[in-house]
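Below: the structure, in structure tokens.
Any read-out appearing in this document is the output of simple, stated calculations on the displayed coordinates, not a laboratory observation. Quick caveat: nothing in here was measured; it's all calculated off a predicted structure. Counting neighbours? That spans all protein chains shown, and the Cβs are built from the backbone with ideal geometry, glycine included.
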Protein chains: 2
Amino acid sequence: MASTTDDKPAPEPEKVAPPTEKAAPEMEKAAPPPEGPPRDRFVVVDVFLRLLLFACSVVAVVVMVTSKQTKMLGRLPVAPFSPVFKQAKFNHSPALIYFVAALSVAGLYSLITAAVSFLALLKPSCSTKMIAHFVIFDVLMLGIVAAAAGTAGGVAYIGYKGNSHVMWNKVCNVYDMFCHHVAASHGVSLVASVVLVLLVILSVYSLSKKIPK
Amino acid sequence: MASTTDDKPAPEPEKVAPPTEKAAPEMEKAAPPPEGPPRDRFVVVDVFLRLLLFACSVVAVVVMVTSKQTKMLGRLPVAPFSPVFKQAKFNHSPALIYFVAALSVAGLYSLITAAVSFLALLKPSCSTKMIAHFVIFDVLMLGIVAAAAGTAGGVAYIGYKGNSHVMWNKVCNVYDMFCHHVAASHGVSLVASVVLVLLVILSVYSLSKKIPK
């Protein structure tokens, strides 16, 4: 567009070619300023989502780990009629142990990748390879976190409703606080899964933006 | 900044430009032969993986649905001492119902996307957008299938081992065939999750191949 004001007396056939040729170097020079902001924006959103994933993972793990609840279930039928206490905690269930392990790994992963992504903000190079690797690891992490959320959800549902067919009684009528913790932690893990999906979509979007039309 | 370079070396870009312009049509002519095979290979592998996902989904659903087992648990203690039968089937557990629903959706999805991918093999256009969309849907499907595998796995583990803390007895010592079906179905769903991860990696690889260095 700028080249139309440059040369007036030039013949017409040459006029058509030079603008494109001139436009090319101009584009090359002009490229960093317009391309910079979207890339930066992508990395900023990427870092933000990774920190959000870290927050979700930490919250899910902390809420699950602090779910311990002790209840007095009754008293001994004989003297001295001492009370009977029973505890519910997450490590009574292998499913919830897996949940805590998976979310801990996700938290560590999100912290490391947030740092890498932040460094990429300062040093804008090797970005295509980095994004491709991010997608692969994000997808693997999504598989782990979604499976953990599913596992915890499945067990929590039995705890909440029971299953009369196999005589598994519900426990949430007794350990209410424990169940609230498990439910909250499960909800936060679902948010973590959604954040991982968003991270993959963002990476794929930024990859496809780099492909010439 | 651009105006300082325009005045003197104006002819140079024109000299430099023609070879590139000549090179461009050559590239265009030369492009189809080298670019064709890898793209085709990508689509062939993509179609193969989607058909594999379809097979996994169908097998997982069929094995789960046919897991019904009836067992004689004893006889009535009073005359006529008739036998007591009890059934175990997947729809006694909401987790396994969700599993069947999720894998059915994955099967349908894989069939549709295999058809779309196969059509892309015949008509090589709009591929970048298609791949980007495939990645997004594959990631969503991975979340659903991984969560379903986790849910079924969590419940199956309780059925296999029980949980003494909450008095949930194991059922696999009674319903052995039912448990074998659930375990097999769960294993196949894990393969389906791995296939979905491979699909995403393949798509990202083919996207990053399109990006000029």
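Radius of gyration (Cα atoms) of the range A:119-213, expressed as a multiple of 2.2 N^0.38 Å: 1.59. The B:Asn91 and A:Lys123 beta-carbon pair, evaluated with R₀ = 51 Å, returns a calculated FRET efficiency of approximately 0.40. Applied to the range B:88-99, the Karplus parametrisation 6.51 cos²θ - 1.76 cosθ + 1.60 on θ = phi - 60° returns per-residue 3J(HN,Hα) values of 10, 9, 4, 7, 7, 10, x, 5, 6, 5, 4, 4 Hz, with x for Gly and Pro. Is the shape of the range B:36-210 best called rounded, prolate or oblate, per the rule: a/c under 1.5 gives rounded, else a/b larger than b/c gives prolate, else oblate, with a ≥ b ≥ c the square roots of the Cα gyration tensor eigenvalues? Because a/c hits 1.5 or more and a/b exceeds b/c, the range B:36-210 counts as prolate. Cβ-Cβ distance of A:Thr70 and A:Val116, R₀ of 41 Å, FRET efficiency by 1/(1 + (r/R0)^6): the value works out to about 0.45. Across the copies of the chain, B:Val191 has label points (7 Å from Cα along Cα→Cβ) spaced 3.8 nm apart, shortest distance listed first. Projecting 7 Å from Cα along the Cα-to-Cβ direction, the label point of B:Leu121 sits 4.5 nm from its equivalents in the other copies, listed shortest first.
Relative contact order for the range A:40-155: what is it in percent, counting Cα pairs under 8 Å that are at least 6 residues apart?
Numbers: 106 pairs, mean separation 38.4, N = 116.
Relative contact order, the range A:40-155: 33 percent.
Between the alpha-carbon centres of the range A:58-127 and the range B:99-154 there is a gap of 32 Å.
Take B:Leu76, push a point 7 Å out from Cα through the beta-carbon direction, and compare it with the same point in every other copy: 4.3 nm, smallest first.
For B:Trp168, the amide hydrogen comes within under 5 Å of the amide hydrogens of B:Asn163, counting only partners 5 or more places away or on other chains and with H modelled in the peptide plane.
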